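The values are calculated or read from the model by the stated rules, or taken from the named source; none is laboratory data. Predicted, not measured: the structure shown is a model, and the values here were computed from it. Positions of Cβ are generated from backbone atoms using ideal geometry, with glycine treated the same way; all protein chains shown enter the neighbour counts. Just so you know, the surface numbers come from the protein's heavy atoms only, side chains and all, with ligands and any DNA or RNA stripped out. Shrake-Rupley method; radii C 1.70, N 1.55, O 1.52, S 1.80 Å.
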Amino acid sequence: MNDITEAARHFAVKAHAGQVDKLGYPYSAHVVHIGRTVARFGPVAEATGYLHDTVEDCNVTLLQIEQQFGASIAAGVDAMTKRAGEDYHAAYLDRLLADPIAPVVKYADGRHNFGKIHLLS
């Protein structure tokens, strides 16, 4: 872990403080898991993994992400962020797939989420 990934992990954990997933676990555990899962793809992927839900689920803007973590990480987070009313297939997936890092993070995110689906009643 380098300085940028450590800063991204701390930022994400703080941004998601108090949030829980559908099973009642701290949501920060999910974003830490995603960051660590994609770390083998490099620091941009790892930081994007930690930050992937901060704009969508927290009071964080893409401008804040760019100012603190740079354009590449902000672009990955932007590609991962679904917008209200946005068509999943016509807009979201095109943006996601256009980014070099976002598909890797999205795959890890989906895999982690679906891996817990059997625990939901």
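For Val20, nonlocal amide neighbours, meaning residues 5 or more places apart or on other chains whose placed amide H falls under 5 Å from its own, are Tyr27.
Heavy-atom accessible surface of the chain, averaged per residue, reaches 56 Å², computed with a 1.4 Å probe. Divided by 2.2 N^0.38 Å, where N counts the residues, the Cα radius of gyration of the chain comes to 0.99. If only the Cβ of Lys and Arg carry +1 and only the Cβ of Asp and Glu carry -1, the dipole of the chain around its Cα centre is close to 380 debye.
Extending each Cα 7 Å along its Cβ direction at His89 and Ala39, get the distance between those two points in nm, one decimal. That separation, rounded to one decimal, is 3.8 nm.
Among complete DSSP H helices in the chain, none has alpha-carbon atoms stretching at least 24 Å along the helix's long axis together with a mean Kyte-Doolittle hydropathy reaching 0.0.
Expressed as a whole percent, the accessible area of the range 1-88 that falls on carbon and sulfur atoms is 52 (1.4 Å probe). Could you run the Debye sum over the Cα atoms of the range 1-41, one equal point scatterer each and no solvent, and tell me log10 of I(q)/I(0) at q = 0.32 Å⁻¹, two decimals? For the requested q values the scattering log ratios are -1.09. Per residue of the chain, the DSSP helices (runs of n ≥ 4 H) give a summed -39500 (n - 2.57) that works out to -18000 deg cm²/dmol at 222 nm.
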